[in-house]
Structure formats: structure tokens, C-alpha cells
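The structure appears below as C-alpha cells.
The values are calculated or read from the model by the stated rules, or taken from the named source; none is laboratory data. Here the structure is a predicted model, which is why all the values come from computation and not from measurement. Positions of Cβ are generated from backbone atoms using ideal geometry, with glycine treated the same way; all protein chains shown enter the neighbour counts. Surface accessibility is based on the protein's heavy atoms, side chains included, excluding ligands, DNA and RNA. Shrake-Rupley method; radii C 1.70, N 1.55, O 1.52, S 1.80 Å.
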Amino acid sequence: LCGDASVSSSHIATALTCTHRFAARVSGETKMSGIASTPVTVGEVRMSGLDKTRQSVIHEELASARECRTLGALNDALERSVENLRSTGTFEGINILMDAGKRPQEVSLDVRVRERSRLGVSVGGYSSESDNFQLVMGGEVRNPFGFADFLKGTYNQSLKGNTAALTYTKPRIFGEPMRLDMHAREEVVDFEYVASHRQQVRGVGFAVSTHDGRHKVQYKFDLRDATPRDLPKEEDSPMAAASPTRNYEETISRELMRETERGASDKSSLAYTFVNDRRDSKVCPTNGTLFSATTELAGLTGDAKFVKGLVDMQYNTPIYPSPVQGAAPFALSIGTSLGVVRPFHNVRDLLGGSARLGDAANVSTLRIFDRLFLGGPANLRGFEVQGVGPRAQGGSRTGDSLGGDIVWRAMANLSGPVPIPRLAENGVRMKAFVNSGNLVTWNDLVRGSALDVMPLGRSARASAGVGTYLNLGNVARLEINYSWILRQEAQDVIRNFQIGLGVNI
């Protein structure tokens, strides 16, 4: 802004020329001196460059600016409007020009935008808690309905299965800093090597989240099905043709056989997630804290009825500067997580009625899709994926993993750059770690009508080890570890040397 404060139309025309851009914004401190308190009202709004975007999108973002009554407040409101429109990802550039309006003390706005291209293609990667790294291929249509929205189709492929999804996203809702996502998906995940079955999930849902990522409310309706592992056909295998065919019971445990015979399961659930992430990196943090909590209630409709809670906490602090310029410092990381799932039959049961937590009939209602698991290179190092906790005889080579109801994990590691400067400069780090955890069922903890939590500690597993890891573009972490097992149970599946992809410290 330039010129002197004045209520005359001619002076306002001089004083109210202002351009808001991504690269260079007007500073209220230096430019608004002396005229910030000039009384103004917003009159005409002109728009140009809107090819696919509806004018209502711009009007929603200018709503707060229309309420301003001084030039300084209007300048600040327009800067926020530019940032909000930019955050939608719809525009390549946005300029807002202010000029004198048709009446005294009136300001007209000239909004000029440049929209992004209509179509987009992406290829990337994603890593989940279950150490399942997926290659993601997708295409999107930008602004399909003119609301600064997106329609995206994705196909994810991994060694354990695949997912196809169609997602509709509106980055801002009614001009508020909230994001809407709606999806339809089909997912197939192969658990044959740990639990002798394959899961197929078809579902729809929606989520509303805040722009800072701290709050998220999500609804899902999923139709899930578990099918047993395929029997090898004699004609497909010369070895099979020369030997007796294996019994069905040998290829899948009785517990998993009963699970697959129960048929499809439908889940209707509502979940709330709170995240306070102050770390310097989501994948390889050296400083900052994380607190994340999720509560899910299933049973609005359908046969799946449970309450699930997950909490994750993390603390990272640098302890010594890196001797290699440009490399992250030596750091200490401490973390813990807790998960609990509680099945129920009805509201009275959920609120602590006559049914006990350990009742076999109560626990049996929890399907394998909804149970908790533990083990893996980015989960509990030194143990195989889903290698800790209840197992059945038969099925997979090490017995079928059945999952549990209560899981906890704690870890601490000391990390730093590798002593080879060229590698350290490119983000290769080394670490020494110790981790512990346990996975149990309610039947393990309930003694009559009392709850005994001591088994959570008495049967805890623990390991210590060393490793090296690399940040893969802040998407996942590739790590190589060797672990020494400190505590284990007879049914656990051990894997001392591990190569994995993950996001946990």
C-alpha cells in the first residue's frame, strides 16, 4: 500500500493499490503505516481466470474480508484468503488487487487466478504399520465439479496384496480450514505366510479433518471376507503328484478354518484421531515429540461390534552435533505405544454390564480383521511380522498367527550419521536400539471377575541390536538390523537379521 490516508475518492485510488502474490506479499508493518485505520467497506468483486472453478469458491474465501471495516484489517484478511486459496492446490497463481470503489470509503477487489492443468499422474510409495510397503500409481482430475476439488483413482501393489481406490477430496469446506475425503475401495491382503488366509475388503467411507492434521473424524462401512489358502493342485506340482495330498487341516489351522467358515463380516465404524506432531521428520526424527490417539467404535450396524483405542507417544532429542557437515546430529529417541480392543454384544455389555471381559463367548465375537498384532522390523525388531502373541498349531510353517486384544510396545535407540562422510551427507545413519513389547488376549488377564495386568509384563518380549537406515524421500525408511533376543516365548517366531521398510522409530 502507498500514499497518505484519506477518505477522498481520489486519494483512496492512490492508497488502495495492493497486490497479493505467493512470492512477494505486502508487509502490513512497513506499508500500512499511517493508513491502516482508514475506514473502508468492500464493494464490487471482479474475477478473471476462472475456467473450471465456480465463483462461489472465491466468494467463500472472501467472506471474512467483506466484514472488515478498516484498511489494515482488510489487507490482513486478503492475505489469509490468498493463502487459503493456495492451500486447495487448484491454482498456480493468485493476485488480488484493491482499488477505489464507486462510493466514498468503498474498495473494489479484482481477483485474478491461474488454474492448474486438468489432469495429473503420480507414482510413489507408502509404508504402513504392518511393514507392508506399497507402490502407488494414480491419476487425478482436478476441479471435476468446479469446487476446488479433486477426484483421484489409485492402485497400490505390494508383495502382500493390492488396493484399488477412488477418492473424492475437497481441501476446504465452506471456506473453513477443514478437509473432506470420500472414498470407495477394494483391498486384497495376503496373510498366507503368517496365518493361512487371504483377506478381501470392499468399503466406502468419508473423513473430515483439520488442515493442521490434529483432528480427524472418519466413518467407514466395510464388507470383509477371509478365504483359506489355496490347496496345491497335483497337476501343478510334480512333487505333489509323487506324494500323498496334504490334508486340508494341515494347510490351515482349525482356528483359522473356523474363522473363514464364519463367512463375510460387515463393519460400520466411527473413529476420531488426535495428532500432535512436533517432530522435525516423520520418518527419521532427531528432535521433537509426537502424541497420537485414535478411538474407534464399531457396531453402528453390521456384525462387528467393538471399541478400539490406540495411543502412540514419542520423544526425540539431539545429544551431540554431527561431525559431518550437513548431516543430522546424534540423537536419542524414546517411544511407546498401546493398543486395546474390547468386543461387546450390546450397549449394556459395552458399559460394563453382566458380561465379563474374559468370557469366551464375548471374545469370540472379535473377528481376525479387527484384532491387534505385534512383530516386524518396524514394529518389534528381532521378531517376524506378526511373530509375537497367540498362535495356532498347523497352517503356516510357524503356526497361524491369531492376534490379540491388548498390545504394547516400548523402544529406545541412539542414532547418528555413519562414519563415511559421503554416505552421511546423503542421510545414511546408524543406530543401536533396545525394544520390548507384548500381545495378549483378555482371557490372559481376567481371573474370575478381577483384571490382572501382571501378565503384560511377565511375558513381555525384548531384544537389542544395531542397524543402519536411510530416509527414502520422507515417505519411508529403509533399515537393516541385527537383533539379539533377550526375552521370548516358545511360540514366538524369531528373525535376527531383518531388512524392512517402515515409519516407526
- Message: Give me a comma-separated list of calculated 3J(HN,Hα) values for region 208-219, in order, Karplus coefficients 6.51, -1.76, 1.60 applied at θ = phi - 60°, integers in Hz, x for any Gly or Pro.
- Response: 10, 9, 7, 5, 7, x, 7, 10, 8, 10, 9, 10
- Task: Please report the relative contact order for region 32-98, taking Cα pairs under 8 Å with a sequence separation of at least 6, and give it as a percent rounded to a whole number.
- Result: 34
- Message: Given R₀ = 45 Å, what would the calculated FRET efficiency be for Ser292 paired with Arg69, taking r from the Cβ atoms and rounding to 0.05?
- Response: 0.60
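From largest to smallest, what semi-axes in whole angstrom does region 432-502 give when each is the square root of 5 times an eigenvalue of its alpha carbon gyration tensor?
In descending order, the three semi-axes are 32, 14, 10 Å.
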- Task: Any chance you could get the radius of gyration and Dmax over the Cα atoms of region 387-463, in Å?
- Result: 18.8, 61
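Excluding Thr286 itself, what net charge comes from residues whose Cβ is under 15 Å from its Cβ, given Lys and Arg +1 and Asp and Glu -1? Display every interim value, and only then the final one.
Values: positive: Arg278, Arg279, Lys282, Arg429, Lys431, Arg477; negative: Asp277, Asp280.
It works out to a net charge of +4.
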- Would you tally the net charge around Arg114, using a Cβ to Cβ cut-off of less than 10 Å, leaving Arg114 out, and scoring K and R as +1, D and E as -1? -1
- Message: Could you report region 130-190's accessible area per residue, 1.4 Å probe, as an integer in Å²?
- Response: 47
- Note on the structure: For Lys52, counting only lysines whose alpha-carbon sits under 25 Å away and dropping same-chain residues fewer than eight positions off, the answer is Lys152, Lys170
- Message: I'd like the Karplus ³J(HN,Hα) series for region 38-48: coefficients 6.51, -1.76, 1.60, θ = phi - 60°, whole numbers in Hz, and an x wherever there's a Gly or Pro.
- Response: 4, x, 9, 9, 8, x, 5, 10, 9, 10, 9
- Message: Accessible area per residue for region 358-458 in Å², computed with a 1.4 Å probe and the full protein assembly in place, what is it?
- Response: 37
- Task: Work out from phi, with θ = phi - 60° and the Karplus expression 6.51 cos²θ - 1.76 cosθ + 1.60, the ³J(HN,Hα) of each residue of region 62-73, listed in order in whole Hz, and give x for Gly and Pro.
- Result: 8, 4, 5, 5, 5, 8, 6, 10, 10, 5, x, 5
- Message: Longer than 30 Å from Cα to Cα, which of Lys308/Lys431; Lys160/Lys431; Lys160/Lys220 are they? Say none if no pair is.
- Response: Lys308/Lys431
- Task: Roll a 1.4 angstrom probe over the protein heavy atoms and tell me the percent of accessible area of region 453-505 that is carbon or sulfur.
- Result: 64
- D (µm²/s, integer) via Stokes-Einstein for region 55-105, Kirkwood Rh across alpha-carbon pairs, 4 °C, 1.567 mPa s: value 109
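Sort the following peptides by mean Cβ neighbour count (other Cβ atoms within 10 Å, averaged over residues), highest first: 71-84, 270-283, 181-194.
71-84, 181-194, 270-283
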